[in-house]
Amino acid sequence: MIRAVVFDCDGVLVDSEPHSWAAWRTAAAHHGHTLTDGDVAACTGMSYADTHAHLASLAGGALPGPEALLPELLSALESSYAAGLRRFDDAVGAVAELAFEGVPLAVASSSVRARLDLTLAAADLGRYFDVTVAGDEVAAGKPAPDVYLRAAELLGADPRNCVAVEDSGPGAAAALAAGMRVIGVARNADHAGRLVEVGAGVVGGVDAPTIRLLLGI
């Protein structure tokens, strides 16, 4: 029986949200619209398509379509990452420890493939994961369970034998809907409330012993 762990990326493994806010602000400003950090933060855990739809509505049609805007966003994001992308020590330590022990690991992200690969490369984390699934590779984004179900399928694991690590309400809801046990990492008070609302167990930081306990290994 395969027991596996599936991690969200942004907000769990790396502190990428400030970079995302900066990239969206830069791209929107290029098209004559001002976005606030709060505008972008409201989209935490959402797919790129849903984020674009929400922010484009705020911009009153000033933004190009999602496919046309994506290269601009990725370029702005890469420039922001170059200034330093912070990895969360607790999650990275747990990932490294579990990988060393041979526990199958995956990433299930709302990010499109190009952004997910960029983020994992900037953080030097891709080598730890047997599988990565991006939001544009499944039919429906979080809070639908598709991305978590696909990760379990590629790992060859029953979702009921997987633990998911999430930081957002939509992400935790997706993992729970897939049948996984969920560790909700509350990096701030807002995250804690949203994780509790969907029924995730909430911790201030993640560690390998807690994950192993939930996995039953």
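The values are calculated or read from the model by the stated rules, or taken from the named source; none is laboratory data. None of these values were measured; they are calculated from a predicted model. We place every Cβ from the backbone using ideal geometry, glycine too, and count neighbours over all the protein chains shown.
Here are some notes:
- The condition of being modelled with pLDDT of 95 or more, under 18 Å from Gly45 (Cα atoms) and not polar (S, T, N, Q) holds for only one of Val103, Val107, that being Val107.
- Hey, Ala4 aliphatic (A, V, I, L, M) and free of Cβ contacts under 8 Å to residues at least 24 places away in the same chain or not: no
- Restricting attention to segment 158-178, the residues that are in contact with an Asp or Glu (Cβ under 8 Å, 6 or more places away or on another chain) and surrounded by fewer than 24 Cβ atoms within 10 Å (Cβ to Cβ) add up to 1.
- Extreme residue, nearest to Ala173 (Cα to Cα), among residues of segment 80-99 that are part of a helix (DSSP H, G or I) and hydrophobic (A, V, I, L, M, F, W, C): Ala91
- Each residue in segment 4-30 was checked for being touching an Asp or Glu at 6+ places or on another chain (Cβ under 9 Å) and either surrounded by fewer than 16 Cβ atoms within 10 Å (Cβ to Cβ) or part of a loop (DSSP other than H, G, I, E, B) (or both), and 6 pass.
- Evaluation of His54 against (1) assigned to a loop (DSSP other than H, G, I, E, B); (2) of a type outside the set (A, V, I, L, M, F, W, C); (3) in contact (Cβ under 8 Å) with a residue 12 or more places away in the chain; (4) surrounded by fewer than 19 Cβ atoms within 10 Å (Cβ to Cβ) (one fails), failing number: (1)
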